[in-house]
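Here's the structure we're looking at; comments come further down.
The values are calculated or read from the model by the stated rules, or taken from the named source; none is laboratory data. Computed from a prediction, not measured in an experiment: that's the story for all the values here. Cβ: placed from backbone, ideal geometry, glycine included. Neighbour counts: every protein chain shown.
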Amino acid sequence: MTLTTLLLLSSQPALAWRHTGQVWNRDEFPLEWYKSDYEEASLPTGYDEAVLQTSWDTWIDRAPCAQLDVEYMGVRDGHNAGYTNESLNTFYYDDPKDELGAGVLGQTRCIPSGEIAFSLAGTTYLYDQDCDIIFNTDIDWETTEGIETGCEREFSIEAVATHEIGHLWGLGHSCEEGEDCPDLDERFATMYWSIGSCTSYQADLEDDDIEGITSLYGPYATFFSDSQRSGGAPLEVCFEIEGDVGQDGLEIEWNFGDSAPVVENQTPVCHTYTDKGQYTVGMKVVGTNAECGEWEFTQRELAYVTVCEAPEAHPDFTGMFTYAKDPNDEKGLIYQMYNQIDVSVYGCVEKIRWDVFKGTDLTKDPVATIAAWSPKIDFGNDEWGGEGKYTVVLNAAAPGNLVSAEKLLVDAVLPSSGCSTVPGRTGFAGLFLALVGLIARRRRD
């Protein structure tokens, strides 16, 4: 995994904190770290060693609930430049493979051990076994004091070190390059993706940074659900809190994403959804820890619950499907099916199956079964009996064993001098399906 700090190329704000999916085992604290024997010429002698310790201390002191701890192990002789996976967390300058690229200030390279640490908010985290941080020697580095007293195009080594150490702990960028970041205040978070020249504010932590690191190493409470989270209305879903703190004395707020009022101080808690839709579930927990006082944890799970009805035609159409002859087919026996099922709620069309019957007798086996969203059907297939009357049935299933079916009669005959027409809708519902086809292609509205 490579996490890169780039020059400030835009004024986009940052989103809330994110994680890399990797974390250190607290049993390894204090986390040992080293420095290469390279001395950056643009900095006072010994400054880079001191500023690294300052950057570590910033995380330790400003995020007391995370209970972080490190120990400096000294200079590694003979490591002037480069990256090695020796399970010795080391700060280097430059990269012999020249992988930093133009304008990149630094990189954090972490190697996971493969051992699962825990699951948090639906993400599985792995333990790290080695992290190295590399600074670019092509950059004009400056002390924090120099940045604040007079600066041309230099960059704060302290700001970059603090940012990269955040990656080492397991924080991702609060906002990636090119994203639409709505909160201008959060742009100044330490973990924002870029650092500008002649600025040193990212040498300190903002609330986002502190909350993000605390959720990894400090007290937390996250929710989960063992209930079925997709199905037909009414759908009851139960939620429960898990974490490394006791649940007594916690202040809890639940927002179920529909029009229901906020529910307080209940866990587990159950809620019944009555209307079709996708719902984002939110939880806010406030607790008290003896070592750091009051802490807060907020979790939102987008589209966590999906409530469906039996598949039906989109409101703009009069049937679940229609068809038209393929204009490129000279014989006029190839028809394009047009699926018109309502997909306004993503996830409510789970499976699709088209059954093709020769004639109108649906008690016989179909001559073909097709799993596709809007297939082309060639009724000139000799194995089916060739031209003539066919009945096409569209079967659709939604979560919770909600099924629908609709049939149309297709008069597939060789073309004459007259005009062909698209038949009207004849429908039926309630056909129980044993669907074994492909999952239908679906779209978001």
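For this structure, a couple of remarks:
Here is a yes/no grid of residues against (1) assigned to a strand (DSSP E or B); (2) of a type outside the set (Val, Ile, Thr):
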| site | (1), (2) |
| --- | --- |
| GLU242 | yes, yes |
| ILE252 | yes, no |
| GLY257 | no, yes |
| PRO261 | no, yes |
| GLN266 | no, yes |
| GLU294 | yes, yes |
| GLU301 | yes, yes |
| TYR304 | yes, yes |
| ASP316 | no, yes |
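- Screening the candidates GLY385, GLY437, GLY430 for the property of being of a type outside the set (S, T, N, Q), at positive phi, surrounded by fewer than 18 Cβ atoms within 10 Å (Cβ to Cβ) and at pLDDT below 50 yields one hit, GLY430.
- Hits in segment 145-171 (condition: among the polar types (S, T, N, Q), at pLDDT 95 or above and assigned to a helix (DSSP H, G or I)): THR162
Per-residue answers, yes or no, for (1) under 19 Å from ASP140 (Cα atoms); (2) of a type in the set (Gly, Ala, Ser); (3) at pLDDT below 85; (4) in contact with a Phe, Trp or Tyr (Cβ under 6 Å, 6 or more places away or on another chain):
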| position | (1), (2), (3), (4) |
| --- | --- |
| THR90 | no, no, no, yes |
| CYS110 | no, no, no, no |
| ALA117 | no, yes, no, yes |
| THR123 | no, no, yes, no |
| ASP128 | no, no, no, yes |
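- None of LYS331, LYS276 is closer than 30 Å to GLY380 by Cα, among the charged types (D, E, K, R) and surrounded by 13 or more Cβ atoms within 10 Å (Cβ to Cβ) except LYS331.
- Among the residues of segment 130-144, those that are out of contact with any Ser or Thr (no Cβ under 7 Å at 6 or more places or on another chain), modelled with pLDDT under 95 and not charged (D, E, K, R) comprise ILE134, PHE135, ASN136, THR137, ILE139.
- Odd one out for GLY172 among (1) closer than 23 Å to TRP295 by Cβ; (2) out of contact with any Leu (no Cβ under 9 Å at 6 or more places or on another chain); (3) in contact (Cβ under 8 Å) with a residue 24 or more places away in the chain: (2)
- Segment 334-346, residues that are among the aromatic types (Phe, Trp, Tyr) and either over 30 Å from the mean Cα position of the chain (by Cα) or surrounded by 17 or more Cβ atoms within 10 Å (Cβ to Cβ) (or both): TYR335, TYR338
- Qualifying residue in segment 227-235 (condition: farther than 23 Å from TYR273 by Cα, polar (S, T, N, Q) and not in a loop (DSSP other than H, G, I, E, B)): no
- Residue check, VAL285 touching a residue at least 12 places away in the same chain (Cβ under 8 Å) and in a strand (DSSP E or B): yes
- Residue count for segment 119-138, restricted to those that are part of a loop (DSSP other than H, G, I, E, B) and surrounded by 22 or more Cβ atoms within 10 Å (Cβ to Cβ): 0.
- Residue satisfying condition, being over 20 Å from the mean Cα position of the chain (by Cα) and not assigned by TED's automatic domain parsing to the domain that holds PHE256, within set TYR192, TYR201: TYR201
- Within segment 347-368, one or more residues are surrounded by fewer than 18 Cβ atoms within 10 Å (Cβ to Cβ) and of a type in the set (A, V, I, L, M).
- Checking ASP326 against (1) in contact with a strand residue (DSSP E or B) (Cβ under 6 Å, 6 or more places away or on another chain); (2) modelled with pLDDT under 90; (3) surrounded by fewer than 19 Cβ atoms within 10 Å (Cβ to Cβ), the condition it does not meet: (2)
- Looking across GLU330, GLU350, one residue alone is within 28 Å of the chain's Cα centre (by Cα) and among the charged types (D, E, K, R). It is GLU350.
- Scanning segment 102-133 for residues that are under 20 Å from THR58 (Cβ atoms) and aliphatic (A, V, I, L, M) yields LEU105, ILE133.
- Candidates are the residues of segment 208-237 that are under 30 Å from HIS163 (Cβ atoms) and among the charged types (D, E, K, R); the one that is surrounded by the fewest Cβ atoms within 10 Å (Cβ to Cβ) is GLU211.
- Among the numbered conditions (1) farther than 30 Å from ARG229 by Cβ; (2) surrounded by 15 or more Cβ atoms within 10 Å (Cβ to Cβ); (3) touching a residue at least 24 places away in the same chain (Cβ under 8 Å), the only one that LYS376 does not meet is (2).
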